[in-house]
Every structure is written in C-alpha cells, then in structure tokens.
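The next block holds one structure in the form of structure tokens; read it before the comments.
The values are calculated or read from the model by the stated rules, or taken from the named source; none is laboratory data. A quick note: this is a predicted structure, and the numbers were derived from the prediction, not measured. When we count neighbours, we look across all protein chains shown, and the Cβ atoms used for this are built from the backbone with ideal geometry, even at glycine. SASA here: full protein model, heavy atoms, side chains in, ligands and nucleic acids out. Shrake-Rupley method; radii C 1.70, N 1.55, O 1.52, S 1.80 Å.
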Amino acid sequence: MAIDPTRFCINRKIAPGLSLEAFFQLVQRLGLSKVELRNDMPSGKVTDDLSHAQLRALTEKYDIEIVTINALYPFNRADEELLAKAEALLAEAQGIGAKALVMCPLNEGVAISPEQTLEAMQKLAPRFAHYGIQGLVEPLGFPVSSLRSAVQAQRLIRDAQVPFKLVLDTFHHHLYENAEQAFQAEIDVNQIGLVHLSGVEDTRPTAELTDEERIMLSDSDVLNSVAQVKRLEMLGYKGIYAFEPFSSELSNWTPTEIERQIRHSIALLQA
C-alpha cells in the first residue's frame, strides 16, 4: 500500500509518561503532525496543567493538528451528568482547536436499546453543532458493550439524521464476533471519520481480550490490522489512521522505543 503519511495520527495513549510538549516533539521528529488527545491520562485532564492558550502555542510551535479528544463516555446514556460532561468536553475541544470529539457507548454489561442510542445522538447533535465540533461514534467490541457493531452504528447515525461519523477500531472490529456480516456490503467508508489501529499478539480466546493486550502492529498481529487497512483502502477510505495502543507496558517505552514502534507499524502498512 502507499498511504500518504499525512493521514497518520498518533494517539497520546502511546506515550503516557511524556509531557504534551515532549509528545508533540516526538510526533514532529517522526515527520507527522496529527494527534489525538485524551481525558484519561495520568493527569486526568486533556491539557494536563496547561491553559488553552499555552497548548495552542505548543501546537503552533510544533505544527501539530489536534484531530480529536477521546472520549465522551457513555454517550448513549444521555442523562444530565453526561450532557454536562459533553458541554465541558466540547468547550475544551473548541478552546484548544480540536476538530472532533470521540463518543464511546456504555461498556458495563448493561443493555441500552438502539432507540435509546439514537435518541442520545439526537440530544447531543445540537450541542456539537453549537461548538463546531465533529462527533465521532466509536462502537466497542467487548461482549459487555451496549453498541458493538460498526454497521449498526452507521445505521443509527443515518436514522437519527445527525452529522456524526464512525470511528472504526481494528481491535473492536476483531472482538465483535458478527462484525464481518454485511460489513463489506453495508459499510459506508465515506461516513468513517477515523480509524483506530493497534495490534495484539496474545493468543487467548478473542472474547477474553482486553485493552491490556493492545500494542502496536506486527507480523504476529491476531487482529490482522494491516489486512483490515488494505480492505478499507480498497473500499475507498481516504481518511485518517490513528495508532492507539493501550497496554500498560507502554509506560515503560522510552521515546526512542515509541518512535521505533511507530516507524515499524507504518512500514508494515506501507509494504
């Protein structure tokens, strides 16, 4: 494949021990410019202890584009607490110049009906529009997740008549046992707003996999993330690929190792 390098993005989860400035420097050294920030880092804040102005100054200094903030959770249980959380994250996204906010469904073994999920989208859409932020819905493939299917998520977005797009995650696609049914025939690549990439080498049963097993891409990747990307490219996907490993072992990686892992994953995709 030949993927334009400007389509690659680095999720901050890969560098939990780095300050935002050190993270931006690492991304710049790789010749990349796109990042995803998070609200679940050790500081508990998207910007750590930086003001919005200080963060914007760093993005300008290192030519960084903030693609998303991860994540609004649980978006499909749209009670007052969730709506307040959405307002705060949307204001923060606008304040730091992030283009989108990722939304994850309830993932606690409690069922939320498709109708409730659709209604939650309709409640949230005007708030996203007010702040000028793109909404990105990310199905989670875990057995306890209330929204597991990418095809169903796209269908609900369409039925809700909201301008949200899908986040397709290669890990979560692999976890959902029925993910392949109707995927190629029904998925609309033009309505995919982002693709999350990681790799898993652990050979335990798929239903037992957790975020802890998520590392970077390799030849031993049971998710077959490279093959998933090849199919997306074949289907005409032209959007962004963000590397999003999760394992706690990432906290032991030096900046040099992080760079090596990213370069190796990109090389596998470009082969």
The stretch 155-265 -> Rg/Rh from Cα coords, Kirkwood Rh, value 0.99
Using a probe of 1.4 angstrom, how much of the accessible area of the stretch 1-152 is carbon and sulfur, in percent? 51
What is the ratio of the Cα radius of gyration of the stretch 1-68 to 2.2 N^0.38 Å, with N the residue count, to two decimals? 1.08
Enumerate by residue number the trypsin sites (Lys or Arg not before Pro) in the stretch 158-236 meeting two conditions: DSSP loop (anything except H, G, I, E, B), and at most 14 other Cβ atoms within 10 Å of the site's Cβ. none
Highest-fluctuation residue, LEU217, LEU168, LEU156 considered, GNM on the chain with Cα pairs under 10 Å: LEU156
If exposed means GluC sites (Glu not before Pro) lying in a DSSP loop and surrounded by at most 15 other beta carbons within 10 Å, then the longest stretch of the chain lacking such sites spans residues 1-107
Option label - Cα Rg over 2.2 N^0.38 Å computed here, alternatives (i) 0.95; (ii) 1.18; (iii) 1.09: (i)
Would you mind working out the magnitude of the charge dipole of the chain relative to its Cα centre, with +1 at each Lys and Arg C-beta and -1 at each Asp and Glu C-beta, to the nearest 20 Debye? 740
Ordering SER149, SER248 by how much accessible area each has at a 1.4 Å probe, largest first, what is the list? SER248, SER149
Along the charge dipole of the chain, Cβ charges K/R +1 and D/E -1, which of ALA153, VAL229, ILE133 sits furthest on the positive end? ILE133
Once all Cα-Cα distances of the stretch 52-209 are split into 10 Å bins that start at 0, what whole-number percent is in each one? 11, 39, 33, 15, 2
Quick check: net charge around ASP4, other residues with Cβ under 13 Å of its Cβ, Lys/Arg +1 and Asp/Glu -1? +2
Picking from HIS196, HIS172, HIS130, which is most flexible by a Gaussian network model of the chain using Cα springs under 10 Å? HIS130
Looking at the chain as a GNM with Cα springs under 10 Å, which of ASP169, ASP221, ASP49 has the largest mean-square fluctuation? ASP49
At 222 nm, what value in deg cm²/dmol follows for the chain if DSSP H runs of at least 4 each add -39500 (n - 2.57) and the sum is divided by all its residues, to the nearest 500? -11500 deg cm²/dmol
Exceeding the 31 Å Cα-Cα cut-off - candidates LYS99/LYS230; LYS34/LYS123; LYS61/LYS230: LYS61/LYS230
What do you reckon, how do LEU175, LEU18 stack up by accessible area (1.4 Å probe), largest on top? LEU18, LEU175
Other residues with Cβ under 11 Å from the Cβ of GLU36 give, with Lys and Arg +1 and Asp and Glu -1, a net charge of +3
